[in-house]
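Step one of this worksheet: look at the structure below.
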Amino acid sequence: MPKLKIDGTEIEVENGLTLLQACEQAGAEVPRFCYHERLSIAGNCRMCLVEVKGGPPKPQASCAISVNDLRPGPNGEPPEVFTKTPMVKKAREGVLEFLLINHPLDCPICDQGGECDLQDQTMAYGLDKNRFFENKRAVEDKYLGPLVNTHMNRCIQCTRCVRFTTEVAGIEEMGATGRGEDMEITTYLNKAISSELQGNIIDLCPVGALVSAPYEFKARPWELRKTETIDAMDAVGSNIRVDARGREVMRILPRTHEDVNEEWISDKTRFVWDGLRAQRLDRPYVREFGKLRSASWPEAFLRVAQKMKAARPERVGIILGDLVGAEEAFSVRQLADQLGIRNIDCRQDGSPLGELGGRAGYLFNTGIAGIEEADAILLVGTNPRLEAPVLNARIRKRLLKGGCTIGVIGEKADLTYPYAYLGAGTDTLAKLAEHAPAQAQKPMFIIGQGALARADGPAVLATAYKAAAAIGVVKDGWNGFNVLHTAAGRVGALDVCALPGKDGGKTTREMIAAAKAGELDVLFLIGADEIDTANLGSTFVVYVGSHGDQGAHRADVILAGAAYTEKQVTYVNTEGRPQMTQRASFPPGEAREDWAIFRALSDQLGATLPWNSLDELRSAMYKVAPQLMRLDQLTPSNATELADLAKSEGQMSGEPFRSPIVDFYMTNPIARASRTMAECSAVKNGAKLEAAE
C-alpha cells in the first residue's frame with residue numbers, strides 16, 4: 001500500500017485510489033464539479049487541481065491521477081501533495097473565473113440556489129470582478145421529457161448527466177455535440193429520455209442546468225422541513241428524504257444506503273409526491289341509496305359493526321394491499337383472530353408465497369448487495385427494470401464489472417444490459433430442473449411475481465426450487481434463491497403471518513370467487529386496489545385507505561387512512577430488511593393512521609385489541625416476529641426450509657411468464673393520483689415523445 005504526504009500529513013492508502021480520494025481520506029477538502037465517485041473519471045472541469053512536489057511545475061488534476069503514479073523523493077521519501085499552496089489557490093480561481101465567463105446571473109430565480117456547488121465554490125474561490133467583456137454565449141434549452149427541465153445557459157459541461165445515463169441507467173440517449181464554445185449537452189434525437197432513473201441527473205448536476213420540472217419555482221430549500229424516511233413505491237425500500245412545507249410534501253430526494261439503493265432512486269419514487277395530495281380521502285364515507293356521503297367516525301364504525309354482527313366469521317374476508325405497513329398488517333391479523341375470521345390474505349396478486357419454505361421461500365436471500373458477488377444470474381418471470389429500477393441498476397453494475405452471465409426466462413424486454421434469452425415460460429424452467437450442476441461458484445435465481453402470481457404459481461415455485469437445487473444455487477455458504485417482490489408491504493405482512501387460516505381460510509382468489517357467488521357477506525379491503533372489484537357482487541365492502549381509487553369506488557363504507565409519508569410504520573423490503581418510516585406531514589382532514597382505525601373499530605365490534613398505543617402494538621408484534629425489531633439489519637433465513645417448496649402439488653400451464661407491471665408509472669393509488677405520473681405514462685405510450693416545435 002503506497003504512502004504519501006498530504007499537506008504535511010503522512011498517510012497510507014489503498015492501491016489504485018485517485019489522488020482526490022487520498023486527499024479526502026487525509027481530511028483535505030478538494031473542490032470538484034465533474035468528478036463523482038460512482039461514475040467514470042472525465043477530468044474535464046479542472047477544479048480539483050493540486051500541487052505535486054517533484055512533478056511538473058504546474059497544478060495537477062487530482063481526480064485523474066492514481067496514487068501509484070506519484071514518484072517518491074530522491075532518497076525514497078513518500079511523495080508530497082499540497083492542496084492549499086498559492087499555486088493551487090490561483091489555479092482554482094482561474095478555473096472558476098473561466099467557468100463564470102458564460103454563466104448567467106440566474107441565482108435569484110434558479111431552483112438550485114442554496115444547494116448549488118458552483119455557488120459554494122464561488123464563495124471560496126470566486127473573484128469580485130470579471131476581466132472578460134465579450135457577450136455571454138446563449139444555448140437553446142433541450143427537451144428531456146416531463147420530469148427534467150433544462151436551462152442550458154447554466155451548463156458547465158461536467159458531463160455527469162451523460163455518464164450517469166450511459167453507465168448507470170444503461171441508455172445511450174444523451175451526449176455532447178460540438179467542440180469548444182459550441183459544445184452542448186443534448187439528447188441526440190430531441191426526445192424524452194426513456195430511463196426510469198432519469199431524475200437522478202437532477203441531483204448530479206452541480207449547477208442549475210437540470211432541474212425538477214414538477215418542483216420548479218415551488219419552494220426554496222431553507223423553507224422546507226426535511227424528514228428522513230423510507231420509500232414505498234416498490235419493494236426495494238429505498239432510503240429517501242421527504243421535504244415538506246406545512247402539510248404539503250414538496251419534493252422527495254434520495255439518501256445514501258450502500259446496501260439498498262446506493263444513492264439512486266427511481267422516477268416514481270422521486271416524482272410521485274403530487275399524488276399524495278390528489279384524490280385524498282379526508283373523512284369517513286358511507287353509501288346510501290347508491291351514493292357515498294361523508295359521515296362521522298362513530299357513524300361509519302356503527303355501520304360496519306351492524307354488518308359484522310349479522311355475518312358469520314366464515315362469511316367475512318380481509319384483503320391487504322401493497323402499501324400496508326407491518327404494524328397495520330399485524331393489527332388486522334390480531335383483529336381477525338379476535339373475531340374468528342380465517343379468510344385473510346396479504347397477497348392481493350394471488351401468489352403462493354408464505355405457505356411453504358419459511359422465510360427463505362419469500363425473501364431475496366442473498367440481499368440486494370449480494371448481487372455484486374454473483375457470477376451467474378437467472379431472471380425468471382421478472383422485468384426488474386420496471387419492477388425495481390434501482391435493483392436493475394445494481395445488476396447492470398455487476399455485469400459491467402465482468403465475470404458474470406445473465407439469463408432470462410420470460411418476457412424478451414430491454415433490461416438496459418445484454419442477456420441470454422433462454423425461453424418464454426414453464427417449459428424452459430422444467431428443463432432446468434434436470435440441468436447438471438453449474439460451474440458458477442455463486443449462481444443466483446431472481447424469481448418475479450410474473451412467474452408466481454398465476455393460477456399455477458405453487459407448481460412454478462416448486463419447479464423453480466428444483467431447478468435451483470439441481471444447478472447448485474442453494475448450497476453451503478450461499479443461498480442464491482431470491483424472490484423479487486413488487487409490493488413494499490408484502491414481506492412485512494408475510495412476516496406477521498397475515499395469511500389464510502390453515503383450517504379452511506380463503507385466499508384472495510377464493511374470496512373474490514365467493515363474493516361473486518354471493519357466499520361472502522363482508523369484505524375488508526385494506527388499501528387493496530389492484531383486485532377486480534367488479535366481481536364482488538353484492539358483498540358489503542369496507543375500504544380502509546388514503547386515496548379514492550378502485551377500492552374506494554366500490555366501497556359501502558370508507559375509513560380514511562394515512563399515506564406512507566404521514567405515519568410511522570415498518571416496511572420490510574424484498575431482502576427482509578425492516579426499516580421504519582417517519583412522519584413528514586399529517587393526514588388531511590379527519591383521516592387517521594390505519595392502526596388507530598383498527599383499534600377504534602375493535603371496540604365497536606366487541607373484540608378490543610390488547611394494546612392502546614403504537615409502542616404497545618410493536619411490543620406485541622416483536623413477540624411474533626422478533627426480526628422486525630432489528631431495524632436496518634438482515635436476519636438470515638433458514639435455507640433448509642426451502643426443501644418444503646418441492647411439496648407443492650399441481651401442474652404448470654404452458655403460458656409464458658409476463659411481468660405484472662404493464663405501466664411503470666401507474667402501479668398503486670398514489671401513483672394513479674399523480675398528474676406527473678400520468679404525463680409520464682402518456683409520454684411512455686407515445687402520446688408526446690417529441691418536443692413541441
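The values are calculated or read from the model by the stated rules, or taken from the named source; none is laboratory data. It should be emphasised that the depicted structure is a prediction, and the values quoted were computed from it without experimental measurement. Please note: Cβ atoms are built from the backbone with ideal geometry, for glycine as well, and neighbour counts cover all protein chains shown. Note: areas computed on protein heavy atoms with side chains; ligands, DNA, RNA excluded. Shrake-Rupley method; radii C 1.70, N 1.55, O 1.52, S 1.80 Å.
Structure above, values below:
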{"read-out": "First in the range 32-47 and in contact (Cβ under 8 Å) with a residue 24 or more places away in the chain, second anywhere and open to solvent by 50 Å² or more (accessible area, probe 1.4 Å), Cβ under 6 Å, 6 or more apart", "value": "C34/N44"}
{"read-out": "Criterion: open to solvent by 30 Å² or more (accessible area, probe 1.4 Å) and either without any contact (Cβ under 8 Å) to a residue 12 or more places away in the chain or not charged (D, E, K, R) (or both) - qualifying residue of A455, A440", "value": "A455"}
{"read-out": "The range 333-344 residues that are without any contact (Cβ under 8 Å) to a residue 24 or more places away in the chain, paired with ones that are open to solvent by less than 30 Å² (accessible area, probe 1.4 Å) (beta carbon under 6 Å, 6 or more apart)", "value": "A336/I318; A336/I344"}
{"read-out": "Near pairs, Cβ below 9 angstrom, 6+ apart or cross-chain, from the range 657-682 (in contact (Cβ under 8 Å) with a residue 60 or more places away in the chain and farther than 18 Å from V324 by Cβ) to any residue that is of a type in the set (K, R) and surrounded by fewer than 23 Cβ atoms within 10 Å (Cβ to Cβ)", "value": "F664/K684; Y665/R672; Y665/K684; E679/K688"}
{"read-out": "Some residue of the range 84-101 being under 40 Å from the mean Cα position of the chain (by Cα) and polar (S, T, N, Q)", "value": "no"}
{"read-out": "Breaking point among (1) open to solvent by 20 Å² or more (accessible area, probe 1.4 Å); (2) touching a residue at least 40 places away in the same chain (Cβ under 8 Å), for A176", "value": "(2)"}
{"read-out": "Test for R315: is it on the phi < 0 side of the Ramachandran plot, open to solvent by 60 Å² or more (accessible area, probe 1.4 Å) and of a type outside the set (S, T, N, Q)", "value": "no"}
{"read-out": "Complete set of residues in the range 413-429 that are hydrophobic (A, V, I, L, M, F, W, C) and open to solvent by less than 40 Å² (accessible area, probe 1.4 Å)", "value": "A413, L415, L429"}
{"read-out": "Complete set of residues in the range 85-107 that are aliphatic (A, V, I, L, M), in contact (Cβ under 8 Å) with a residue 40 or more places away in the chain and either open to solvent by 30 Å² or more (accessible area, probe 1.4 Å) or in contact with an Asp or Glu (Cβ under 6 Å, 6 or more places away or on another chain) (or both)", "value": "L99"}
{"read-out": "Single condition A300 does not satisfy, out of (1) of a type in the set (G, A, S); (2) assigned to a loop (DSSP other than H, G, I, E, B); (3) surrounded by 15 or more Cβ atoms within 10 Å (Cβ to Cβ)", "value": "(2)"}
{"read-out": "Conditions (1) in contact with a helix residue (DSSP H, G or I) (Cβ under 8 Å, 6 or more places away or on another chain); (2) more than 30 Å from I202 (Cβ to Cβ); (3) of a type outside the set (A, V, I, L, M): number failed by E77", "value": "(1)"}
{"read-out": "Members of the range 260-273 that are out of contact with any strand residue (DSSP E or B) (no Cβ under 7 Å at 6 or more places or on another chain) and either among the aliphatic types (A, V, I, L, M) or modelled with pLDDT of 95 or more (or both)", "value": "S266, D267, K268, F271, V272"}
{"read-out": "Selection count where residues are open to solvent by less than 70 Å² (accessible area, probe 1.4 Å) and of a type in the set (A, V, I, L, M, F, W, C), scope the range 108-139", "value": "5"}
{"read-out": "Residue tally, condition of a type in the set (D, E, K, R) and outside any loop (DSSP other than H, G, I, E, B), over the range 532-584", "value": "2"}
{"read-out": "Of the criteria (1) in a loop (DSSP other than H, G, I, E, B); (2) touching a strand residue (DSSP E or B) at 6+ places or on another chain (Cβ under 9 Å), which one I201 fails", "value": "(1)"}
{"read-out": "Restricting the range 247-258 to residues that are free of Cβ contacts under 8 Å to residues at least 60 places away in the same chain and part of a loop (DSSP other than H, G, I, E, B), the residue that is farthest from E566 (Cα to Cα)", "value": "T256"}
{"read-out": "So P284, is it under 23 Å from S681 (Cβ atoms) and modelled with pLDDT of 95 or more", "value": "no"}
{"read-out": "Strands (runs of 3 or more DSSP E) contained in the range 1-71 and holding at least 2 residues open to solvent by 30 Å² or more (accessible area, probe 1.4 Å)", "value": "3-6, 9-12"}
{"read-out": "Some residue of the range 575-584 being open to solvent by 70 Å² or more (accessible area, probe 1.4 Å) and among the charged types (D, E, K, R)", "value": "yes"}
{"read-out": "Residue, surrounded by the fewest Cβ atoms within 10 Å (Cβ to Cβ), within the range 204-242, restricted to residues that are farther than 22 Å from M666 by Cβ and free of Cβ contacts under 8 Å to residues at least 60 places away in the same chain", "value": "K226"}
